[in-house]
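Here's the structure, in structure tokens; my notes come after.
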Amino acid sequence: MALILYVDDEPSIGLILHDTLERAGHEPVGARSVAEALGVLAKGGVDLIVSDYRMPGVTGLEFLSLLADEGYDVPLIMLTGYGSIEHAVASIKAGAIDYITKPIRPQQLEVAVEHALEFVRLRRENESLRREVMELRNERQIIGESTALRRILQTVAMAARTRATVLLQGESGTGKELFARAVCDQSDRADKPFVKLNCAALPEGLIESALFGHERGAFTGAIKRVEGAFERAHGGTLLLDEVSEMRLDLQAKLLRVLQEQEFERVGGTSPIKVDVRIIATTNRDLAAEAAAGTFRRDLYYRLGVIPILIPPLRERLEDIPLLATRFAIKCAHEMGKEVRGVSPEALRYLQSQKWPGNIRELQHAVERAVILSDDPILQAHAFDSARYGLTPVHGTTPSAPLPALPDATGAPAVVTGAIPVSGTDTGVMLTTLNVADVERTLIARALEMAGGNRTRASELLGISVRTLRNKLNSPAESAEEEQPS
């Protein structure tokens, strides 16, 4: 049932409208003038208006204009005299959703009302979906007011207007994917596919298939044709996360796709044309990697048409209050707790920390504080892990650095006796000189400190994700491979 306002100064017409709308299951409300109609609209709840074109002193077009001026966004069906097609056309152009010619036929009125209400339903559904999309985009909103962040956002906006490749470099936890999505959201491909491929998380043997897809029978287990990331991103954007972890032979194939905009599936023979905008991220210095020969120099130049360096959190401390407050309120809402913000003392404490894990580490610290605290405003003690009997978190409590694993030359780290813990239990105690045992201990501790995140653990250990993966899969063999020949 809908609340429908009908406006007509002829009592006989009003009676027909009232009876027809009521029989159709709606709630009709009548008005004989525009002034009366505005009084009904002021009470709210009106879903649809049915109005005569000719009323004392006001035309239907003037009524439509008045509705717009007063801010009423209610669909209107116009009643016009028989044969007054020019009035009907003018009404539709002025914003009426439909028109009905007199004399009124009840069945015609019912159909017109049904269609108009369906339009209202679809519009409300569309507005609801739009709100959900805006909320989703708000979740991806980049928060901060620092000078460094404003400069980056300006570069992002300029990059978004082009189709050039973008290379986002920065430490882990700085929000590189968030900036990649910002480039996409502000581009002409915002409503097209956004496909993400994490080059560090995939086993080496699957990266090529994940990128380019494969044909049935291309390798053992390939039981059907599978589209790769490039095909799924056609017309849109492909994010190559941690691109520095890609093998050199695959880098050559990636370069060809970027240059030719075509590729072949694994096991395929026919080239496939694609239109894909590439955004790449890395937590390494790709210029140094290219100079060292561990990353193709030509691919580095091709990816870095627009290079953007994301600063670590320690270089944008003025953004911490906004970030911490946003994280606290969001986390509290998800947990059903009453948290309205963070106290000035707590914010000063957070700004005094180094945050090696950057925004991700700050977010986890705030979430932990929300969980542990019952205060509506988070106080500084909520961030004291020791107060609650928890192991101090790396970055918020001083701790001894992790020793380095064997370097690229195979020279093992020098370990003498035990590594001191400097008065805290976050250090790693090593009481053996066996290299394999040392590696296992360090890897286990790094994974624990990184919460199981292999990328973060590899950074703590000073090795690549690929090397860490090899050591986890075959520790003894990997240790042998890294010994000097």
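The values are calculated or read from the model by the stated rules, or taken from the named source; none is laboratory data. This structure is a prediction, so every number in the text was calculated from the model and none was measured. With ideal geometry, Cβ positions are generated from the backbone for all residues, glycine too; neighbour counts draw on all protein chains shown. Note: areas computed on protein heavy atoms with side chains; ligands, DNA, RNA excluded. Shrake-Rupley method; radii C 1.70, N 1.55, O 1.52, S 1.80 Å.
Listing for the model above:
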| read-out | value |
| --- | --- |
| Highest-first arrangement of 456-468, 100-112, 184-196, where packing means the average Cβ count within 10 Å | 456-468, 184-196, 100-112 |
| Accessible surface of region 8-158 [probe 1.4 Å, protein heavy atoms]: carbon and sulfur percent | 52 |
| Point-to-point label distance, Leu15-Arg314, nm (Cα→Cβ direction, 7 Å offset) | 8.6 |
| Accessible area of region 1-53 divided out per residue, in Å², using a probe of 1.4 angstrom | 44 |
| 11 Å beta-carbon shell around Leu61, net charge (K/R +1, D/E -1) | +1 |
| Apportionment of accessible area to carbon and sulfur, region 276-358, percent (1.4 Å) | 54 |
| Beta bridges by DSSP in region 1-142, antiparallel share as percent, to the nearest 5 | 10 |
| Qualifying lysines (Cα of each under 29 Å from Cα of Lys253; at least 8 residues distant if same chain) | Lys176, Lys192, Lys196, Lys224, Lys273, Lys471 |
| Cα gyration tensor, region 91-238 - rounded (a/c under 1.5), prolate or oblate | oblate |
| Sorted peptide list for 270-277, 230-237, criterion being average Cβ within 10 angstrom, highest first | 230-237, 270-277 |
| Shape call, region 1-132: gyration tensor on alpha carbons, a/c limit 1.5 | rounded |
| Reachable aspartates and glutamates from Lys93, criterion Cα separation under 17 angstrom, eight or more residues apart if same chain | Asp52, Glu62, Asp69, Asp73 |
